[in-house]
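One structure is given here, and the rest of the page talks about it.
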Amino acid sequence: MEFSWESLVFALIAFLILYLLLNKYAFGPLFSVMEKRRELVLQQVEEAKQTREQANVYVEEQKQALQQARKDAYDIIEQSKQTSSKQAAQIIELAKEEAVRLKDEAVRDIENEKNKAVEQLRSEVGVVSVKIASKLIEKEVKDDSVQEELVDQYLKEVGGRS
């Protein structure tokens, strides 16, 4: 195998012509397509970054909205508890007032009934006393023991009626 300078020069010239043709017709459009692809990928990466940032902002807004909703719900619950406590206290107070009123009415009714019973008893005692006196006068008993017996008998009758 001999080394020939002519074939080396011929190969270099062929390689140079091939390189120029490839550079003009293949590498330019190929690199152009690759550059467009690189720009597209960079644009998509940038859009994804912006979308992620927007999503993070949206998530933060939602967290704040959720916290506000929880706070509002807690405030509503607390207000409801306070309102129910006030209403319970009012109901208890009204019930106490009603109980006192009913007790006072019952005491007045009992007092009225007691007074009626005492008045009725007095009138019956007066009637019985008059009957005893009239019977005593009718009999005109001279013996004291008979009078005592008669009084005891009428007292027993009055005691039996009560």
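The values are calculated or read from the model by the stated rules, or taken from the named source; none is laboratory data. Values in this document were obtained by computation on a predicted structure and should not be read as measured data. So basically every Cβ, Gly included, is an ideal-geometry build from the backbone, and we count neighbours across all protein chains shown. The area values use the complete protein model at the heavy-atom level, side chains included, leaving out ligands, DNA and RNA. Shrake-Rupley method; radii C 1.70, N 1.55, O 1.52, S 1.80 Å.
Worth pointing out:
- First in the stretch 129-150 and open to solvent by less than 70 Å² (accessible area, probe 1.4 Å) and outside any loop (DSSP other than H, G, I, E, B), second anywhere and modelled with pLDDT of 65 or more and among the polar types (S, T, N, Q), Cβ under 8 Å, 6 or more apart: L136/Q147
- Remark: pairs (first residue in the stretch 43-61, of a type in the set (S, T, Y); second residue open to solvent by 90 Å² or more (accessible area, probe 1.4 Å) and modelled with pLDDT of 95 or more; Cβ separation under 6 Å; 6+ apart in sequence or on different chains) are absent.
- Restricting R101, R108, R37, R70 to residues that are within 30 Å of I17 (Cβ to Cβ), without any contact (Cβ under 8 Å) to a residue 12 or more places away in the chain, basic (K, R) and open to solvent by 70 Å² or more (accessible area, probe 1.4 Å) narrows the list to R37.
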